[in-house]
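Accompanying notes for the structure given below.
Please treat every number below as a calculation from the coordinates, not as lab data. Because the structure is a prediction, the values reported are computed rather than measured. In this analysis, Cβ positions are derived from the backbone assuming ideal geometry, glycine residues included, and neighbour counts consider all displayed protein chains.
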Amino acid sequence: MIGILALQGAFQEHADALKKLSAEYKFIRNQSDLCAEFDGLILPGGESTVQRKLAKELGLLEHIKKMIEEGVPVLGTCAGLILLSKEIACGEETTFGTLPVAVCRNAYGRQLGSFSALGNVGDISDFPMRFIRAPYIEGIFSEDVEILNVLDHKITAVRYKNQIGVSFHPELTSDLRLHQMLLKI
């Protein structure tokens, strides 16, 4: 079963992708939802500051961080990448800090600056990437971080052990290959 952090953002779109893959999922909205046995986690796109604040208020942060540190596979998309990151370039408070990268929030501008691109993500070729107020990765703190995508000289997707972090929104496309990658870990 895949746990989807469902406090704010594009959590329903990730659930729809998992349904198409016949994968079971459970929304994580409060501490009692964490009693389930999870084979993976999804941290969706949305507003990272709001998600961090709500997760903290609801007492979810430490348990989710422990799950990630213990090896539960996780896919962080856009805001989810920010939640995973060890450092945020503008000095903001981090959330889980389990992914040894530094991100720059809203690096591609405002909502009106949103765009789509086609690119390779690791072994996945011609993946449709949707960038909405997206971050990018501006620093890597471990040689074990595998760069999966670079767009216009900016790192937009990485994998580190059990963690996949991407700047874009795979859940807003019909391409299920990143969700399949999570399920295979």
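Ordered by packing density, taken as the mean number of other Cβ atoms within 10 Å over each peptide's residues, highest first, how do 47-57, 138-148 rank?
Working: 47-57: 17.5, 138-148: 14.4.
So the order, starting with the most tightly packed, is 47-57, 138-148.
What's the local net charge at K161, with K and R +1, D and E -1, over the other residues with C-beta under 12 Å away?
Net local charge, K161 excluded: -3.
Within region 159-184, list the residues whose amide N lies under 17 Å from a label point set 7 Å along Cα→Cβ of E69. Counting only backbone N, you get 161-163. Amide H to amide H, with H built 1.01 Å from N, V150 comes under 5 Å of T156, counting only residues 5 or more places away or on other chains. Projecting label points 7 angstrom from Cα along Cα→Cβ for S174 and S32 puts them 3.9 nm apart.
Computed over neighbours whose Cβ is under 12 Å from that of E47, the net charge equals +4, Lys and Arg +1, Asp and Glu -1.
Under a Cβ-Cβ cut-off of 11 Å, what is the net charge of the residues other than I185 that fall near it, where Lys and Arg count +1 and Asp and Glu count -1? Don't skip to the answer; put the middle values down first.
On the way: positive: R159, K161, K184; negative: D39.
With Lys, Arg at +1 and Asp, Glu at -1, the neighbours total +2.
The sum of -39500 (n - 2.57) across all DSSP H runs of n ≥ 4, divided by the residue count of the chain, sets its helix-only mean residue ellipticity at 222 nm to -6500 deg cm²/dmol.
Treat the count of other C-beta atoms within 10 Å as a stand-in for reagent exposure and order M67, M129 from fewest to most.
Working: M67 20, M129 24.
Ascending number of Cβ neighbours within 10 Å: M67, M129.
Along its first, second and third principal axes, ordered by size, region 2-184 spans 43, 38, 34 Å in Cα coordinates. Here the gap between S125 and M1, fully extended at 0.36 nm per residue and compared with their Cα-Cα distance, gives a gain of 41.9 nm.
Taking every Cα-Cα distance in region 12-72 and sorting them into 10 Å bins from zero, the calculated P(r) comes out as 19, 52, 28, 1 percent.
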